[in-house]
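Structure first, commentary second.
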Amino acid sequence: MNKGLSVLLTATIFSSCSAQALEIYNDSTNSLTIGGFIDARVIHTQGQTEIVNGASRINFDFKRQLKEHWSAVAMLEWGVNPVGSSDIIYNNRFESIQDEFLYNRLGYVGIAHDQYGQLTIGKQWGVWYDVVYSTNYSLVWDGNAAGVYTYNKDDGAINGTGRGDKLLQYRNNYGDLSIAAQVQFKNNDFYTCDVEAISESDCETLFNNQSNLAQKVEFNSTYGAALTYTLTDKLTLTTGFNRGEFNIVYGTDATMKTAVDLVYGAGITYGNFDAKGFYAAANLNKNKNHDTDNLGRLIKEAVGLESLVSYRFDNNIRTFLAYNVFDAGDDYVIQPNFNADPNDTFKRQFSVLGVHYLFDNSTLVYIEARKDFSDFSSADKQQEEQMSLSEDDGIAIGFHYVL
């Protein structure tokens with residue numbers, strides 16, 4: 001695999017930490033490396049202080065050399081919860097709410113060639129992540145404006161923009177230009193209800209009884225592409241899109257509406273976050289029917305911006321400041337079957353200030369603080385309060401150990 005393609009794949013697979021791996025086996029034909037990290041932190045937010053997991057994970061990277069410059073590749077990654085379950089839920093699900101000690105994050109297999117590129121199948125980072133990953137370096141309060149972690153801060157599996165399910169993906173590079181394209185072959189049906197704390201089975205029952213509070217969503221395949229162009233050894237430009245379609249069947253009278261799920265945009269990156277010196281990155285996206293508000297209501301259209309500036313000093317202290325905004329404006333909820341005032345406003349907006357001390361590139365302690373500036377105005381003050389719960393100010397101190 002050529003150097004440019006390898007660098008891009010590494011950046012895509014490992015986010016928000018240094019990409020380190022330990023090779024434990026290599027017989028010149030087969031190799032196995034273990035990677036990932038363990039992160040634990042004390043966090044104060046939403047009026048509570050707790051010890052929580054920081055998206056800890058372990059992965060196994062397999063490679064097998066074949067004839068004529070071909071190789072087989074495979075990746076398995078599980079999220080690990082080393083501190084036990086926790087009730088507190090904060091922005092972007094970076095405190096694991098999984099009950100299991102291990103849960104699936106990535107899993108794919110494929111084939112690669114030095115000239116012809118790489119083709120992989122499975123659960124993997126979507127090509128849209130190539131466009132926006134360079135602002136994803138806050139360890140605690142990752143940005144939630146780039147269209148990656150969709151459907152109320154989930155992992156982007158449904159529409160393939162984050163850790164997408166059931167992806168067929170191709171990657172290659174031509175000099176300073178890297179390309180990526182994917183198709184997500186799937187057909188998922190699920191039910192949504194405008195009722196707080198309802199089970200899936202009860203929601204399905206409401207739909208079958210033609211309730212005006214219930215909808216059935218038939219989500220179909222998606223596709224996307226991304227381009228990365230390296231202008232200099234420090235300056236990189238990215239652009240891309242992801243598109244899908246789904247049908248919404250309303251329980252009231254079984255009428256159906258087809259909606260296009262679309263996100264597109266561009267990004268710019270200067271420097272290397274892990275290197276000493278200055279680093280800056282920003283990305284901008286426009287999206288349609290691509291995400292939900294904090295009550296799970298589908299957003300018709302929104303604009304997202306993520307930005308980050310950082311400086312790593314010679315004494316291995318790294319500081320950064322991030323600003324993120326996801327603005328859907330008002331009158332953003334699909335009508336008439338969602339319980340929403342047309343004047344509801346959804347503007348997720350916050351800044352994060354962080355200080356990391358790196359003992360080395362694989363071991364660091366950190367403190368990060370978030371200040372929220374969001375606007376979730378609504379005539380329904382109870383809904384306004386519910387929308388604000390997961391967008392509070394906060395501060396966290398943690399330890400990050402890369403395997």
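The values are calculated or read from the model by the stated rules, or taken from the named source; none is laboratory data. Please read these numbers as outputs of a predicted model, since none were measured by experiment. As a convention, Cβ positions derive from the backbone with ideal geometry for all residues, glycine included, and neighbour counts pool all protein chains shown.
General remarks:
- Considering the conditions (1) modelled with pLDDT under 95; (2) under 30 Å from V402 (Cβ atoms), L321 is excluded by exactly one of them, (1).
- Residue ranges of strands (runs of 3 or more DSSP E) in region 130-218 with at least 3 members in contact with a Gly (Cβ under 8 Å, 6 or more places away or on another chain) and crowded, with 22+ Cβ neighbours inside 10 Å: 163-174, 177-184
- Some residue of region 226-235 being of a type in the set (S, T, N, Q), assigned to a strand (DSSP E or B), more than 22 Å from N289 (Cα to Cα) and in contact (Cβ under 8 Å) with a residue 12 or more places away in the chain: yes
- Any hit, region 287-304, residues being outside any strand (DSSP E or B), in contact (Cβ under 8 Å) with a residue 40 or more places away in the chain and either acidic (D, E) or over 30 Å from N247 (Cα atoms) (or both): yes
- Test for Y129: is it under 27 Å from F320 (Cβ atoms) and aromatic (F, W, Y): yes
- Looking across region 346-363, just one residue is modelled with pLDDT under 95 and among the hydroxyl-bearing types (S, T, Y), and that is S362.
- Residue in region 295-315 that is closer than 20 Å to Y133 by Cβ, of a type in the set (D, E, K, R) and surrounded by 16 or more Cβ atoms within 10 Å (Cβ to Cβ) present: yes
- Any chance D293 is of a type in the set (D, E, K, R) and on the phi > 0 side of the Ramachandran plot: no
- The requirement of being touching a residue at least 24 places away in the same chain (Cβ under 8 Å) and either more than 29 Å from L305 (Cα to Cα) or over 23 Å from the mean Cα position of the chain (by Cα) (or both) is fulfilled nowhere in region 158-171; no residue meets it.
- Residue check, L213 touching a residue at least 60 places away in the same chain (Cβ under 8 Å) and more than 30 Å from S134 (Cα to Cα): yes
- Residue that is among the basic types (K, R), in contact with a Ser or Thr (Cβ under 9 Å, 6 or more places away or on another chain) and at negative phi, where the choices are R163, R171: R171
- Residues of region 196-248 that are closer than 30 Å to N272 by Cβ and either modelled with pLDDT under 90 or of a type in the set (K, R) (or both): K234 alone.
- The set of residues in region 236-273 being touching a residue at least 24 places away in the same chain (Cβ under 8 Å), farther than 18 Å from D130 by Cβ and not in a strand (DSSP E or B) consists of G251, T252, D253, A254.
- Taken as a whole, region 19-39 holds no residue that is in a loop (DSSP other than H, G, I, E, B), touching a Phe, Trp or Tyr at 6+ places or on another chain (Cβ under 7 Å) and at pLDDT below 90.
- Checklist (1) surrounded by fewer than 15 Cβ atoms within 10 Å (Cβ to Cβ); (2) of a type outside the set (S, T, N, Q); (3) touching a helix residue (DSSP H, G or I) at 6+ places or on another chain (Cβ under 6 Å); (4) in a strand (DSSP E or B) applied to F278, failing item: (3)
- Subset tally (residues that are among the charged types (D, E, K, R) and under 19 Å from the mean Cα position of the chain (by Cα)) for region 270-296: 4
- Region 71-126, residues that are at pLDDT 95 or above, in a loop (DSSP other than H, G, I, E, B) and either hydroxyl-bearing (S, T, Y) or in contact with a Cys (Cβ under 9 Å, 6 or more places away or on another chain) (or both): Y116
- Answer residue from region 364-385, given it is of a type in the set (G, A, S) and over 30 Å from L403 (Cβ atoms) and is modelled with the highest pLDDT among those: S374
- Scanning region 378-399 for residues that are surrounded by 14 or more Cβ atoms within 10 Å (Cβ to Cβ) and of a type in the set (G, A, S) gives S378, S388, S390, G394, A396, G398.
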